[in-house]
Amino acid sequence: MSTLSFESLCLKDDDCPSPTPPQGMDDEFDTDLESDVKEENNKEMSISEVYLQACKLVGVVPVSYFIRNLDSTIISLNHHGLGPLGCKALAIALVTDMHVNTLELADNHIQAEGALCLVEMLRANFTLQHLDLSNNYLQSAGAECVAKVLLDNISLKSVKLSGNRFTDDDAKYFADALSSNSRIKELDLSHNEFCGKGGEHLGQLLANNEGLEVLDLSWNHLRMKGAVAFCAGLKVNTMLKHLDLSWNGFGNEGALAMGEALKFNNTLVHLNLNNNRLTNEGVGMLCRGLEFNDTLRVLLLAYNSLTVEGALALVNVVKNTPRTALEEINICNVLVNETFVHLLEGTCQEHPGLDVQFGGVGGFIAKKPPKRVDPMKVIQDYLDQRKLRLWDFFRNIDKDGTMRVPVADFRKAVQQSSIPLDRYQIEELIQRLDRDRTGMVDYRGLADTRKQMMRDHRRQLRKVESRQKKEKQKSDRILKTFQSAVEAVTPRSSMVMSPGGAKEDSSGPPHFSATPLSSWHHIVMSNSSRYSVTNLSNEHVHLPMLGALAPYCPTSSPAMRSYSQPNLLDDSPRSAQGQSISAQGIRSDPEMVHSKLSPTANHLTRSRPALNAKQPVVEAKTKKVKKKKNVKHLDEESKNQS
């Protein structure tokens, strides 16, 4: 693809002939108002003429709709078949336009070449605020071009890039561009091909971006690790309000990560999880995060594999969470029962604004039928409780001891005994002990069956334990991946110390246990007077900045509300003894700092060597006391000898 420069978009003076003034006009009769009107008309004509001349140069047919709507602020050229050359002609005309703020070019097959023309145009045009390039077959080359626009442009607020066949590697372009661009408010990347690696890049985008409010990622392939990594970025995001993740196949793994993200995210208002392969188990994991969330208002869960159990869990979390902000829940494909309706009515009395959309009344809670007890096991348990043998039980009817009795006698003996078997269980037992229908029951099978039943029981227990263990390992693995992703997308400058504190390691530099800044939500000191001092010039001095070698132990005191982390990576030399440096670089009196910030008063800071200047004096006093005691002891011994 040939390179395109900004100069190539601008027509030369020879290519754009200036309109000649009409003959016989006297300039002396022109008023100021008429001159302004003429200048405006000339300006409009110049843009249309530039466009016509550009179409002639690149060899395309002009779009009459564009010429007719130059006065409008919205230019909608969707489905016009512009192609790369038609887009180039349009870009040439819009270089100097100062009126159009919305440009819609969806489904025009402009490809990467047309996107490059728009990039060059947007370097000079600072009027466009909304750009729609959906379904234009941009692919990777076009993604790189659009990323340059997002990186440099200062006027765009909304960009739609749906259906352009972007892949995982292309997501990195957008993550890098939007990490430093906080002016883009809406971004549409739906109907693309983002998968696992793309989810990681998009999670990085959410973690670093500070301006995006609406993000559409529907109809992608964000699942498993990609979904978990994306939710990790959502956890630390502080701006996003509207998120569309429908038709992505999040699954229960993504629901678990989303629940963890909702525990900390306090800005998201609208969440669309339609058709994401969620089950009742996944909804339960999501509800664990909703218990701690107080900002989410709209939750869409339509067309997932939910039943009445999942619907009941959603309503219960609203009922049991007084501070919840949920106003709309969409489960329109779920059939509910009367229990759900009664619960919803009671919940709506406490939360009048709640609106739950369900499929109708007619559902039921699937109950597993009670497991039928094996009649052989019933007989064996009966004999074990009474410490009897099989022959002892049947010896009255088995006179010869052959362990074979007629069916009628066996049925009568069992019915007359106190064994808790009904008529159907007895018939089942007879069929199992007389498989060949000989009319004789061989009750030796009861003894052989007992061992087999014990083996089967142990095997069943092992299966249950193995399944539970695998589910637990899977959940732990997802949470571990989620935490690793959170640490990966969280910048080092936005990490704070965890309340647990850090243990000192004598073998090396101190280690810090860090958690994302969003988990503490900007800690502020509620008692500023307690942690600040006033120096001799009455200047307000904040906490001293810790040096690179100074250990740091945070506190878990409830009085701590918010705290900006000090520069832990500072390699500057430590300050001289007798002087402490505040967070603003102001030196304070060491005696007063020691009196206010002693390590016994609070665990937030540790004393520096300069603050322990009085310690040698205390040791000297103790030595003097010991000398006096020794002198007294010698005097007493000398008196006793005399």
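A few remarks follow.
This table checks each residue for (1) under 47 Å from the mean Cα position of the chain (by Cα); (2) at pLDDT 50 or above.
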| position | (1), (2) |
| --- | --- |
| 35 | no, yes |
| 42 | no, no |
| 52 | no, yes |
| 63 | yes, yes |
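- Of residues in the range 115-141 being of a type outside the set (A, V, I, L, M) and under 28 Å from the mean Cα position of the chain (by Cα), the one nearest to residue 171 (Cα to Cα): 140
- Verdict on residue 479 being modelled with pLDDT of 80 or more, of a type in the set (A, V, I, L, M) and outside any helix (DSSP H, G or I): no
- Just one of the listed residues (395, 411) is at pLDDT below 80 and among the basic types (Lys, Arg), and it is 395.
- With respect to the conditions (1) buried (at least 24 other Cβ atoms within 10 Å of the Cβ); (2) not in a loop (DSSP other than H, G, I, E, B), residue 252 falls short on a single one, namely (1).
- Subset of the range 152-202 [open to solvent by 60 Å² or more (accessible area, probe 1.4 Å), over 16 Å from residue 215 (Cβ atoms) and not in a helix (DSSP H, G or I)]: 154, 165, 180, 193
- Residue satisfying condition, being over 24 Å from the mean Cα position of the chain (by Cα) and either open to solvent by less than 10 Å² (accessible area, probe 1.4 Å) or modelled with pLDDT of 95 or more (or both), within set 308, 283: 308
- Here 233, 196 are screened, and the one residue that is within 17 Å of residue 172 (Cα to Cα) and in contact (Cβ under 8 Å) with a residue 60 or more places away in the chain is 233.
- Selection within the range 337-360 - in a loop (DSSP other than H, G, I, E, B), open to solvent by less than 60 Å² (accessible area, probe 1.4 Å) and farther than 17 Å from residue 310 by Cβ: 351, 353
- Count - residues of the range 379-417 that are surrounded by fewer than 16 Cβ atoms within 10 Å (Cβ to Cβ), out of contact with any strand residue (DSSP E or B) (no Cβ under 7 Å at 6 or more places or on another chain) and touching a residue at least 24 places away in the same chain (Cβ under 8 Å): 1
- First in the range 93-107 and in contact (Cβ under 8 Å) with a residue 60 or more places away in the chain, second anywhere and not in a helix (DSSP H, G or I), Cβ under 7 Å, 6 or more apart: 95/10; 95/124; 95/125
- Failed item, numbered, when residue 314 is tested on (1) open to solvent by less than 10 Å² (accessible area, probe 1.4 Å); (2) within 23 Å of residue 196 (Cα to Cα); (3) touching a residue at least 40 places away in the same chain (Cβ under 8 Å): (2)
- Restricting the first member to the range 333-353 and to residues that are without any contact (Cβ under 8 Å) to a residue 12 or more places away in the chain, and the second to residues that are open to solvent by less than 30 Å² (accessible area, probe 1.4 Å), the beta-carbon pairs closer than 9 Å and six or more apart or on different chains are 348/354; 348/356.
- Checklist (1) of a type outside the set (A, V, I, L, M); (2) free of Cβ contacts under 8 Å to residues at least 40 places away in the same chain; (3) within 22 Å of residue 159 (Cβ to Cβ) applied to residue 132, failing item: (2)
- Sole residue being assigned by the TED database to the domain that holds residue 177, under 17 Å from residue 179 (Cα atoms) and outside any helix (DSSP H, G or I), chosen from 215, 243, 278: 215
- Residue within the range 365-385 that is over 24 Å from residue 265 (Cβ atoms), of a type in the set (Phe, Trp, Tyr), at pLDDT below 75 and not assigned by the TED database to the domain that holds residue 292 present: no
- If you check 151, 133, 82, 118 for being closer than 30 Å to residue 490 by Cα and either of a type outside the set (Gly, Ala, Ser) or not assigned by the TED database to the domain that holds residue 195 (or both), only one passes: 151.
The values are calculated or read from the model by the stated rules, or taken from the named source; none is laboratory data. Given the structure is predicted, the values throughout are model-derived calculations rather than measurements. Using ideal geometry, Cβ is built from the backbone for each residue, glycine included, and neighbour counts are taken over all protein chains shown. We work out accessible area using only protein heavy atoms, side chains counted, and drop any ligands, DNA or RNA first. Shrake-Rupley method; radii C 1.70, N 1.55, O 1.52, S 1.80 Å.
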